[in-house]
Amino acid sequence: MWKVQLFKLNYDNKEIEAVTEVLESAWITMGQKTRDFEAGFSSLLGHDSKCLAVSNGTAALHLALLALDIKAGDEVITPGLTFIADQNVVTMVGATNVLSDITSRDDWSMAPADIEKKITDKTKAVLVVHYAGFACDMDAICDICKRHNLYLIEDCAHTPGADYKGRPLGTFGDVAAFSFFTNKNLSVGEGGAVVTSDEVLYKKLLGLRSHGMSVPSFDRFKGRAISYDVEIPGLNYRIDEMRAALGLVQLEKLEVANKARQKLVLHYYERLDGQLKINIPFRRFSRGNPNYHIMPILLDDSIDRLHVIESMKEDGIQTSIHYPEIQEFSAYKDTVNPTPIAQYVSKHELTLPLYPTMTIEEVDLVCDALIKGVS
Ligand SMILES: *Cc1c(COP(=O)(O)O)cnc(C)c1O
């Protein structure tokens, strides 16, 4: 149906073999593959990171809030331009979202000055998202959190392989949450990771992930333990071995895949720079190395976005929007504060296809259809 779709999996025989090997091993949940994946992902991040693989990115965010004991009566400062999972988990623990705006129509990262303005006596934590793998200003944000004694949570769903001034994203917050959903840079279908370098938080997260149990089934299977205690109430946010095995293969491919994304994005820049009605965010980005998670553009005020989407669709090009206005969702419209710059971006943003196996010719097809659509 599509000539160029928004995203395609970067899978080959390696993924098939990895899953087959697990199926033949007859141990299919949280075993050696999960441990190997956690070790591999921890070492990708470095800085004493301890990684726990979980069912998905939303579970990772939920665990982060639970581990930090964020609850009713607390306020959490969350991004004005993000996937709604950030606001949903805050709501689900009974806390209140206070939205913080992005910096400008060019820099879509949370503005440190606006975060600071939103702090009240009730603020317990700041939750940041590194949009499209472009790092927030972590020097400024860490400084704010330190001065106001607030927890810092990083939504790292977009960030595997990206850094802030050379230091991997996901190593700045008290806790970081990663997603390995299908269309993310590291893709296993449904999966995620919660990461911390704090030993106490790590132990708490371990319990919260699996019913508060002190000893995992794998250790009882291995004869290392007979029974278990339940130390705190917990959930089941475990991952299975098939997806941990996919994660190990994807982890190996990550660097090359991110390089391929970069090359495609540079070609997009070459084609679209100077196009009057098309603006590209983060073009002067200098806070670190992004991982080019998605290819967002900002259409001029004068452009009817729906018309562009329809016109590109007719040409066989799939597009998306990252993200709709939080203030327009039925569940949030009466409860959240305005974020004027993020709301402007939500109204005019368009996401173009991007995935590691995309070709330069496909980028050209997208650009031709886009330029036609806006003219
Ligand atoms: C994908 C995503 C999530 C949620 O991850 P899931 O694995 O789909 O639960 C959260 N935040 C952002 C910014 C995301 O892109």
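Details
- When we screen Ala53, Ala39 for residues that are under 18 Å from Leu248 (Cβ atoms) and open to solvent by 50 Å² or more (accessible area, probe 1.4 Å), the only hit is Ala39.
- If the condition is being within 14 Å of Leu52 (Cα to Cα), open to solvent by less than 50 Å² (accessible area, probe 1.4 Å) and touching a helix residue (DSSP H, G or I) at 6+ places or on another chain (Cβ under 7 Å), then the stretch 238-247 contributes Ile239, Glu241, Ala244, Gly247.
- Qualifying residue in the stretch 117-134 (condition: in a helix (DSSP H, G or I) and out of contact with any Pro (no Cβ under 9 Å at 6 or more places or on another chain)): yes
- Test: residue in the stretch 203-213 that is out of contact with any Asp or Glu (no Cβ under 7 Å at 6 or more places or on another chain) and in a loop (DSSP other than H, G, I, E, B): yes
- Among residues that are open to solvent by less than 50 Å² (accessible area, probe 1.4 Å), over 30 Å from Ile119 (Cβ atoms) and out of contact with any helix residue (DSSP H, G or I) (no Cβ under 7 Å at 6 or more places or on another chain), Gly46 is included.
- Residue under evaluation Pro160, criteria (1) out of contact with any Gly (no Cβ under 9 Å at 6 or more places or on another chain); (2) assigned to a loop (DSSP other than H, G, I, E, B), criterion not met: (1)
- Of residues in the stretch 141-192 being among the charged types (D, E, K, R) and closer than 25 Å to Lys122 by Cα, the one farthest from the ligand (Cβ to nearest atom): Arg147
- Residue count for the stretch 134-160 under the criterion of being more than 21 Å from Ile70 (Cα to Cα), touching a Lys or Arg at 6+ places or on another chain (Cβ under 9 Å) and buried (at least 23 other Cβ atoms within 10 Å of the Cβ): the result is 6.
- Only one of Thr319, Thr335 that is more than 16 Å from the ligand (Cβ to nearest atom) and surrounded by 17 or more Cβ atoms within 10 Å (Cβ to Cβ): Thr319
- Every pair of residues 6+ apart whose Cβ atoms lie under 6 Å, when the first sits in the stretch 348-363 and is more than 19 Å from Ser187 (Cβ to Cβ) while the second is assigned to a helix (DSSP H, G or I) and among the hydroxyl-bearing types (Ser, Thr, Tyr): Val363/Tyr268
- Filtering Ile297, Ile280 for residues that are within 30 Å of Val89 (Cα to Cα), touching a helix residue (DSSP H, G or I) at 6+ places or on another chain (Cβ under 8 Å) and surrounded by 13 or more Cβ atoms within 10 Å (Cβ to Cβ) leaves a single hit, Ile297.
- Of all residues in the stretch 69-84 being in contact (Cβ under 8 Å) with a residue 12 or more places away in the chain and more than 16 Å from the ligand (Cβ to nearest atom), the one that is nearest to Ile321 (Cα to Cα): Glu75
- The helices (runs of 4 or more DSSP H) found entirely in the stretch 9-110 include none that carry 3 or more residues being of a type in the set (Phe, Trp, Tyr) and more than 22 Å from the chain's Cα centre (by Cα).
- Selection status of Asp219, more than 16 Å from the ligand (Cβ to nearest atom), more than 30 Å from Asn10 (Cα to Cα), open to solvent by 80 Å² or more (accessible area, probe 1.4 Å) and among the charged types (D, E, K, R): no
The values are calculated or read from the model by the stated rules, or taken from the named source; none is laboratory data. The model shown is predicted, which means the values in this text are computed figures rather than measured ones. Cβ atoms come from the backbone with ideal geometry, glycine included; neighbour counts cover every protein chain shown. Ligands, DNA and RNA are excluded from the accessible area calculation, which covers all protein heavy atoms including side chains. Shrake-Rupley method; radii C 1.70, N 1.55, O 1.52, S 1.80 Å.
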